[in-house]
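Since the structure comes first, as structure tokens, the remarks are kept for the end.
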Amino acid sequence: MRHYTTEDLDRYRNGDMNMLSRISCAGHLKQCEVCRNLLETLKQDDILLETVRKSIARFHAASKEQVKPKLASHGNH
Amino acid sequence: MAFTTRKSLLSKIKQGDEISWEEFYASYRPLILLRAGDLGLTQTEKDDLVQIVMSEFFKGSRDFQYDRGKGRFRDYLKSIINNQAISILRKRKNLEVGLDDREFSLANGLEQAWNDEWQGHLLNMAMDELKNCVEPVTYQAFDLYAIQRRKSIEVADFLDMSVNSVYVAKNRCLEQLKKIIADVSESD
Ligand SMILES: [Zn+2]
């Protein structure tokens, strides 16, 4: 039995496969634990990527915080 | 096709290499600001804290080397940030309650917040490192598809590659990123 590659399964789960290939892949997944595990790994990768995206956004926002000139304490009225 | 040339900042710290002011500032300013926010500092106080923490590390020099005898860098850094934040808070006229580093760490989930921020910091450093480890076009495909969440077909068109190649790039970068994360987590 030929197993699907990581990229095949990426195309499968993202709807980048044609109908026949998709049906064939779904049938294979039902009976192949190796490919099911690979698909599960891809889902775990999605969780890691979500964490990375959140961290990047949070730190990017913090890095954009501007140093404010200290004029307020001298009064401005 | 390995592009690994630049040492990560954490590797340098671990190995006692010289760290430049600019490199440290760019990497650690966001982390210090986030921690300052947790500790309830105002915007002006946050800016002061960044400058004071930087001075603590660099002592007027353009470079510094971390002495591993001081223990884990993350703990040392947290301790400096906390101590300096306490000093800033004490300058507020109306502060009557005494604060110490231990109270600070344990209060209001601050310890958990620090752990989360440190993990976020490591992920950001790992992403910086990733850029140096893979071909630019591979990183670009990964960034557009996996980080910016563009559609695979759009990324493929934009970079003039197949959709399959976009996924190859994504998976190659992820594999490398996991190795880097394991490496920086070990060396923190
Ligand atoms: Zn299979």
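The values are calculated or read from the model by the stated rules, or taken from the named source; none is laboratory data. Bear in mind that the values here come from a model prediction, so they are computed numbers and not experimental data. All Cβ positions, even for glycine, are placed from backbone atoms using ideal geometry, and neighbour counts span all protein chains on display.
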Tell me whether region A:29-47 contains one or more residues that are at pLDDT below 95, under 17 Å from the mean Cα position of the chain (by Cα) and not acidic (Asp, Glu). no
Tally time: how many residues in region A:1-27 are within 27 Å of B:Phe142 (Cβ to Cβ), part of a helix (DSSP H, G or I) and either of a type outside the set (S, T, N, Q) or touching a residue at least 40 places away in the same chain (Cβ under 8 Å) (or both)? 9
Scanning region A:19-46 for residues that are in contact with a Phe, Trp or Tyr (Cβ under 9 Å, 6 or more places away or on another chain) and of a type in the set (Gly, Ala, Ser), the one nearest to the ligand (Cβ to nearest atom) turns out to be A:Ala26
Evaluate the following for A:Ser63: is it modelled with pLDDT of 95 or more and on the phi < 0 side of the Ramachandran plot? no
Taking the residues in region A:1-18 that are within 19 Å of B:Val168 (Cβ to Cβ) and of a type in the set (A, V, I, L, M) as candidates, determine which candidate is nearest to the ligand (Cβ to nearest atom). A:Leu9
So in region B:120-163, with the set limited to residues that are in a helix (DSSP H, G or I) and among the hydroxyl-bearing types (Ser, Thr, Tyr), which one is nearest to A:Arg11 (Cα to Cα)? B:Ser152
Among the residues of region B:140-182, what is the count of those that are buried (at least 16 other Cβ atoms within 10 Å of the Cβ) and under 30 Å from B:Arg72 (Cβ atoms)? 7
Going through region A:1-16 one residue at a time, which ones are at pLDDT below 95 and more than 10 Å from every other protein chain (Cβ to nearest Cβ)? A:Met1, A:Arg2
Are there any pairs with C-beta distances below 7 angstrom linking a residue in region B:35-61 that is assigned by TED's automatic domain parsing to the domain that holds B:Glu18 to a residue that is exposed (fewer than 14 other Cβ atoms within 10 Å of the Cβ) and not in a helix (DSSP H, G or I), with the two at least 6 apart or on different chains, and if so which? B:Gln43/A:Lys68; B:Thr44/A:Lys68; B:Thr44/A:Lys70; B:Asp47/A:Val67; B:Asp47/A:Lys68
